[in-house]
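One structure below.
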Amino acid sequence: PDQQTFTRVADHLNRLGLSAPATRAADPAAGFYLVEDFGHRTYSRELRSGGDETTLYASAVDAIAALHAAPNATAITLPPYAAAFLLSEAQIFADWFAPRVNPALDQSGFHAKFSALWQHALRPVADSRATLVLRDFHLDNLIHLPDRGGLRSCGLIDVQGALIGAPEYDLASLLQDARRDLAPGLEDAMLDRYAAARPNMNHAAFTARYHLLAAQRHTKIAGLFIRLAQRDDKTGYLGHLPRVLGHLETALRLAGLDEIRALLDSSLPDWQHGQSKA
């Protein structure tokens, strides 16, 4: 099913003028798919090899802006990235991060309060069906394809998790990366670039949703990194946790999620340094 979804989403992105791996041959009954190979020039590798950061990020922002502006971006049958799904992701924090930071926590009580606050906070995006959301839109899933030029120079992989929802999520995924720090000022410059590409959008509403979904994503990622370390013995992710928690603290403030921040402060003392207890 994941491969079938990948093929449908990739074909849809290619029809929209973007680049995703094309399926050259397929026998779904046999589980056989022959898929185009984009090579190994991920944006992460390009940056490590001296690629220009601004140029690469601009290419990614142009691609996602074009997707969001496409009138038929949602002309594909996929589940909605709606309230229940967004809330279930945020709850990974309550399930894994919270008890790790505070082993004496009343977990059921915290979970109930945390979920209620997030359910209320997510109302502005809970019913959004604005665009195709790739959900893993970050440098490791972007391939530099310089021979293609234009929007197609940004190759999109790992698209099988796509849903229909709010456009700000993918921008937050890209510009508030869990794995690397951007050059100072680059996030704001890229947000301005996106806004210039979509001049008719309500900028204030866009900014509010951007910070809200950034906070939701960082909440989820903090829980996921603890789960990966505890359940799957993948402790390498803990090295990124300080960055994620720093992003989360900033996003909570900018999104005005004061009640969620207050709950964390009261229930999880020193949660911003959770990695020291992970």
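The values are calculated or read from the model by the stated rules, or taken from the named source; none is laboratory data. In this text the structure is predicted, and so the values were computed from the model without any measurement. Cβ atoms come from the backbone with ideal geometry, glycine included; neighbour counts cover every protein chain shown. Note: accessible area is taken over every heavy atom of the protein model, side chains too, but ligands, DNA and RNA are not part of it. Shrake-Rupley method; radii C 1.70, N 1.55, O 1.52, S 1.80 Å.
Being open to solvent by 70 Å² or more (accessible area, probe 1.4 Å) and either under 19 Å from the mean Cα position of the chain (by Cα) or at pLDDT 95 or above (or both) is a property that does not hold for residue 24. Among (1) buried (at least 17 other Cβ atoms within 10 Å of the Cβ); (2) farther than 16 Å from residue 157 by Cα, where does residue 77 come up short? Going through (1) buried (at least 17 other Cβ atoms within 10 Å of the Cβ); (2) farther than 16 Å from residue 157 by Cα one by one, residue 77 breaks only (1).
Restricting to region 227-254, name every residue that is open to solvent by less than 80 Å² (accessible area, probe 1.4 Å), farther than 18 Å from residue 89 by Cα and not charged (D, E, K, R). Answer for region 227-254, where residues must be open to solvent by less than 80 Å² (accessible area, probe 1.4 Å), farther than 18 Å from residue 89 by Cα and not charged (D, E, K, R): 235, 236, 238, 239, 240, 242, 246, 250. Checked against the criteria, residue 94 does not count as of a type outside the set (Phe, Trp, Tyr), buried (at least 20 other Cβ atoms within 10 Å of the Cβ) and in contact with a strand residue (DSSP E or B) (Cβ under 6 Å, 6 or more places away or on another chain). When each of 204, 208, 196 is tested for being surrounded by fewer than 20 Cβ atoms within 10 Å (Cβ to Cβ), closer than 21 Å to residue 124 by Cα and free of Cβ contacts under 8 Å to residues at least 24 places away in the same chain, the lone residue that passes is 204. Residues of region 2-27 that are at negative phi and part of a loop (DSSP other than H, G, I, E, B): 16, 18, 20, 21, 22.
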